[in-house]
Ligand SMILES: [Zn+2]
């Protein structure tokens, strides 16, 4: 800000729109005549505020900035949208309505962001830091610094311990050290049997193949690939229809409780419906019983 700029009031005023020249001349005369620095600063702020307001409402912002600079010297403020040497009113807005970016001593604006757009913790408005990681340590592709995703797998599909989704290492061993065929690096299975115990037909001395199945497809416990033994019962003791060896299902109902027409003593068929197509729940709701 310089004082000598005010000496050419005529030149400044003549650069302004005609109907603003009179008040502008009065402002500048008052500024020039101010006795103290405080008065001068106060008048200057009034001039700036009034000129910006007039320029904004009449659409001569470029002229307003130019006149203020001519009167008071170039400002050290700039606008992110308009460029350098843009004047701001005491509310912090320029003639075109842009907010002045005020930064604190650490370089952060009113929104708490620095020139690069990062907040005090170093994260941008999308939540990522300069290295591209968010507060949880994941990048835009949900990978952490080591390349592991939210579920803990890297791009090759292995977790931090080196196991893939099915639990096998790159070398093909699970966490207990056994491969997909159930053998460890010493070529021994979980029961201590050697991997090299099979004859040319692929069966061991007990008649089991590499998958542990006998000639009938049953495992060492006698269950087939569907989980049923030779009598048709699974490990829980139920057959394919859900009946145990005693003929009762989980609800305690007899497997052989149906008459020649397919209905039990209560009048319900195996599908749960009676002769008339009603379910047990229908009857219970109505307080009725199936027709016999
Ligand atoms: Zn602007």
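Worth pointing out:
- Residue in segment 215-229 that is over 30 Å from residue 250 (Cα atoms) and surrounded by 12 or more Cβ atoms within 10 Å (Cβ to Cβ) present: no
- Options 133, 148; residue that is modelled with pLDDT of 95 or more, surrounded by 11 or more Cβ atoms within 10 Å (Cβ to Cβ) and under 30 Å from residue 108 (Cβ atoms): 133
- Every residue from segment 86-124 that is on the phi > 0 side of the Ramachandran plot and within 11 Å of the ligand (Cβ to nearest atom): 97
- Just one residue in the set 57, 90 is at pLDDT 90 or above, loosely packed, with under 12 Cβ neighbours inside 10 Å, in contact with a helix residue (DSSP H, G or I) (Cβ under 8 Å, 6 or more places away or on another chain) and more than 30 Å from residue 127 (Cα to Cα); that residue is 90.
- Residue check, residue 71 outside any loop (DSSP other than H, G, I, E, B), away from the ligand (no atom under 16 Å from the Cβ), touching a helix residue (DSSP H, G or I) at 6+ places or on another chain (Cβ under 6 Å) and over 30 Å from residue 133 (Cα atoms): yes
- Residues in segment 117-137 include at least one that is in a loop (DSSP other than H, G, I, E, B) and closer than 30 Å to residue 48 by Cα.
- If you filter segment 258-269 down to residues that are in contact with a strand residue (DSSP E or B) (Cβ under 9 Å, 6 or more places away or on another chain) and assigned to a loop (DSSP other than H, G, I, E, B), you find that the one that is nearest to residue 221 (Cα to Cα) is 258.
The values are calculated or read from the model by the stated rules, or taken from the named source; none is laboratory data. What you see is a predicted model, and the numbers here were worked out from it, not measured in a lab. Counting neighbours? That spans all protein chains shown, and the Cβs are built from the backbone with ideal geometry, glycine included.
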